[in-house]
Protein chains: 2
Amino acid sequence: MHKQECALTAINRPTAPSKKLADEAGLSGNTWQGTLDSEQVLSVRTGAKLGDCRNLSDSLLVVLEGVVKVYQTAANGREITLHRIYGGQICMLSLVCLLHSRGLHAQAVVEEDARLLVIPSEDFDRLMGESDDFRRYLVNSMTYCISGMMQLVSRISFSTLDLRLAHIIHQFSDRTSQRTVKFTHQALANELGTSREVVSRLLKGLERAGTIRLKRGSIEIIDKRELKAIRVATENQHQFYN
Amino acid sequence: MHKQECALTAINRPTAPSKKLADEAGLSGNTWQGTLDSEQVLSVRTGAKLGDCRNLSDSLLVVLEGVVKVYQTAANGREITLHRIYGGQICMLSLVCLLHSRGLHAQAVVEEDARLLVIPSEDFDRLMGESDDFRRYLVNSMTYCISGMMQLVSRISFSTLDLRLAHIIHQFSDRTSQRTVKFTHQALANELGTSREVVSRLLKGLERAGTIRLKRGSIEIIDKRELKAIRVATENQHQFYN
């Protein structure tokens, strides 16, 4: 796990969904969570892959604090980030394993030290049967995930890589409120599902256009308005269901 | 709605998930479905967009028979197919609208005359509260959708367009068990989220390679083994969660 890659965790962090979801879940309201054993909370360090934690199988995992990145890896080692799980959100991979005893085409790695609520199969069944709050929380989390995946498909299908790259740089600088942002070209490649070489070429293109300036290990944003315009354009390119 | 495009409905039809899901759902077992009013079954003709059916909003829709295609459209009119809903499966777009009173970046169109089970909000709440079967069905359907979306992201990110095109032609000929398959280049473009021109160019490439022969309005498969090899390769390119 590169330290630089951890710095990327601010990207795609939604405005305040974790608090919203935590409220919906009653995570902050002491409802169904209070019926669980407090010893079921586990601390997991940055870099741990949840799929490697055998003691976590056959349980639903809820991220209470920290960040977990969900990504896919191709046979050639290339990666793409699917989404990030923040405080108050469910790990969908754990849900699929719990329900179907089989894996998904994805992996989950802790990006920022996390506290996980571990809900064993029997507690999951009990909560589903007894708690309206828990059921609402679960279904809301799943629709949130489905919606996010559809948006990702849209971005990948309809936006060119250079626009997606500009989009992600703007998001990152927006979260950190910094004019100079630090990350490796490889970390950006892993966000986008492409190679480091391609990212480096596209970054040079953005530099030539006067949008950014490349420095050693960081990127200075020269024309934030242009980056924002690209981001708004990529977000508005879809049509809605209703 | 092009007639040719309807012919594509066999693509991506899973081996037998509709029966499996219908069984899981108790749709064929007369459990929770029996508690619903039989008048809540609606016939919808090919070409109807579910988002345009105002009388269907604020309800969960279950496809009992027929096929519904879920797709996204870019501002420039380009399309990509997200998935198809077969008999026994839930329309996730309707679930999102029901729960969040807002749309998704997607649309749903009936591809083969469909019978829809319409479950109004109050019945949905009652079933969630009372029926283990229904809850299991709902959560299974959602994990199935999430898993499918992740596979789609993988295919789009890690496979080149020519491989995805060969993959889809093989799937189609496999379902219809025919050596010559009929479809328009535009319909294939809509499957893949690309333009007709790109599809035409890629098809010519496959023809030059001796894999297919292009005819007026159809494609003859010359080297099915090669197509199958491509399909297996694109399906095996992922790593699993566990």
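Read the figures in this text as sums done on the coordinates, not as results from a lab. In this text the structure is predicted, and so the values were computed from the model without any measurement. Neighbour counts run over all protein chains shown; Cβ positions are idealised from the backbone, glycine included.
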Once the label point is set 7 Å along the Cα-to-beta-carbon vector, what list of distances in nm do you get between A:E122 and its counterparts in the other copies? 3.9
Considering only A:L214, A:H170, A:L116, whose Cα is most displaced toward the positive end of the charge dipole of segment A:115-242, charges sitting on Cβ of Lys, Arg (+1) and Asp, Glu (-1)? A:L214
Multiply the residue gap between A:T35 and A:D132 by 0.36 nm, knock off their C-alpha separation, and tell me the result in nm, one decimal place. 33.6 nm
Quick one: dipole size for segment B:102-222, taken about the Cα centre, charges +1 on Lys/Arg Cβ and -1 on Asp/Glu Cβ, in debye to the nearest 20. 880 debye
What does the copy distance list look like for B:E220, label position 7 Å along Cα→Cβ, in nm and ordered from shortest? 6.4
Do you know the relative contact order of segment A:159-235, to the nearest whole percent, from alpha carbon pairs under 8 angstrom that are 6+ apart? 39 percent
Neighbouring Cβ atoms within 10 Å as the yardstick, rank A:F124, B:F158 fewest first. A:F124, B:F158
Write out the trypsin sites (Lys or Arg not before Pro) in segment A:79-142 meeting two conditions: DSSP loop, and at most 12 other Cβ atoms within 10 Å of their Cβ. A:R102
About the Cα centre of segment B:159-231, how large is the charge dipole given +1 on each Lys and Arg Cβ and -1 on each Asp and Glu Cβ? Please answer in debye to the nearest 20. 180 debye
Place the label 7 angstrom along Cα→C-beta at A:N76 and in each other copy, then list the distances from the first to the rest in nm, shortest first. 2.4
Modelling each spin label as a point 7 Å along the Cα-to-Cβ direction, I'd like the A:E235/B:E220 distance in nm, to one decimal. 5.3 nm
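Would you order A:M142, B:M128, B:M149 from fewest to most other beta-carbon atoms within 10 Å of each residue's own beta-carbon?
By the 10 Å Cβ count, ascending: B:M128, B:M149, A:M142.
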